[in-house]
Structures are given as structure tokens and as C-alpha cells.
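Trainee: This is the structure I have questions about; it appears just below.
The values are calculated or read from the model by the stated rules, or taken from the named source; none is laboratory data. Everything numeric here is computed off the predicted structure, so don't read it as measured data. So basically every Cβ, Gly included, is an ideal-geometry build from the backbone, and we count neighbours across all protein chains shown. Surface areas here come from the heavy atoms of the whole protein model, side chains and all, with no ligands, DNA or RNA. Shrake-Rupley method; radii C 1.70, N 1.55, O 1.52, S 1.80 Å.
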Amino acid sequence: MTVCLQIPAHADEQSEDVIASFLHSRELGASGEAVGNRHKTAALGYAGPQPRVNLFGHLGSDDSPHFPSQTLVMSDVVLTAMGYLGRPYAYGSSTMQGGFDCSGFVLSLYQRTLGYTLPRTAAEQARATEAIDRSELKPGDLVFFNTLRRKFSHVGVYIGDGRFIHSPRAGASIRVENMNVRYWRSRFNGARRVITPELAQTVAAASV
């Protein structure tokens, strides 16, 4: 599997900086050495070799050996999520044309990358996924927050390094934030993992 992230035409400079920083933080080859800017620019949709991305360890070329299938699948989820940066918040919407609320973003992301349809609301998504401890979080997992004085009223997608991507509120756009800042730390109320027969099949297919 080769993963290539295309920056959306509407993405601003800050969004591009977030993407570049995200990939740069994992810019290590299988040998543990830096693989160079050519892989980063390829991952951002420019000319050059296409990278294979392992969000749990390193970023290397297509011939980097022995990438776990689960890692490759969730790498695709996270890199696809980066393509949503800058899309506007829109309550009750889950389309590229109309924008996204928090759960609509998660719904669209998993439909596009895995062909799996999660329930529509954040609370329903929490009930339909497997609870994990915060210490077990891996890129692609869901993170939930109490932002409306009720459990699981907000959801985002964990991308690693204590950060998550989400559609925050009216008047804002999809962005990456730090879970460890006071606001999000005090409102965090659970982590969940999407584990479905469809995902198991996708992982099996990726390993062929």
C-alpha cells in the first residue's frame, strides 16, 4: 500500500504547516536515519517517489520491509483525515460540499478510507466502538470529550503525539489540536477503537 496525501485546494498555509510538521515528525527510514525532504514532498502530493508511511514508527520508501497491515490501514485513515483540514464546520452535515460537524467528519472519514459506516452522532459512535485506555491510543482511534455537559458530546480522530484532528464548532474549520492543553484535558471522557469485520477484512487484504 502506498499512501499519498493531496493538500486540498482550499487549505491555508497553516494547514500545510500542520501536515508538513506531522510527516516530518515521522521522517525516519527503516534504518533509523532521516529519509530526506523528497519523501515529505511526495507525501504532500508533489513530484517524486511515493512514501510508505508507518505512523507507529517511521516513514520509509515503498521497499521498506515488514509493515504491519493494521499500521498501513490506519496510516491511510490518518493521512486521509489531513486532507479535510480547513473544511468548515456545519452542524448536521457530513459532506465535502456542505462541511462537517464533529461526528459527520468521523463518519465521512471512515466511509472514505475503510468503506465502513459508523453511526451518525458522537454518542452513538462511542457505543458502537471498543473502549480502550488513553495509554493505548494509536493513530486512527477515536477520542471523545464532554463539551456540552454530557458524555461523548464531541469526537475527534487521534493522530499521535497527543494530538487529534476534529471539526470543533460553528465558525471554525477542521484542525489539529493538542489533547494535553487544559481545555481538552479536562473534558476528555474516553477513547475508542473501531473494530469491525469490515476492518478485519481490509487489514487481511492489505497484507496480501
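Trainee: Mind listing the long-range amide H neighbours of N189? Cut-off is under 5 Å, sequence gap 5 or more, other chains count too, H placed in the peptide plane at 1.01 Å from N.
Mentor: F144, F145, N146
Trainee: Estimate the FRET efficiency between R120 and I195 by the formula 1/(1 + (r/R0)^6), using the beta-carbon distance for r and 22 Å for R0, to the nearest 0.05.
Mentor: The value I calculate is 0.70.
Trainee: Determine the per residue accessible area of segment 74-208 with all protein chains present and a 1.4 angstrom probe, expressed in square angstrom. The partial results should precede the final answer.
Mentor: Values: 6130 Å² over 135 residues.
Each residue of segment 74-208 exposes 45 Å² on average to a 1.4 Å probe.
Trainee: Could you work out how far apart the two model spin labels at R150 and N178 are, taking each label as a point 7 Å from the Cα in the direction of the beta carbon, and quote it in nm?
Mentor: 3.2 nm
Trainee: Once the piece of chain linking R134 and M96 is laid out straight, how much longer is it, given 0.36 nm per residue of separation minus the C-alpha distance between them?
Mentor: 10.7 nm
Trainee: Quick check: pseudo-label points 7 Å beyond the Cα along Cα→Cβ at R112 and R187, how many nm apart are they?
Mentor: So the label points at R112 and R187 sit 2.4 nm apart.
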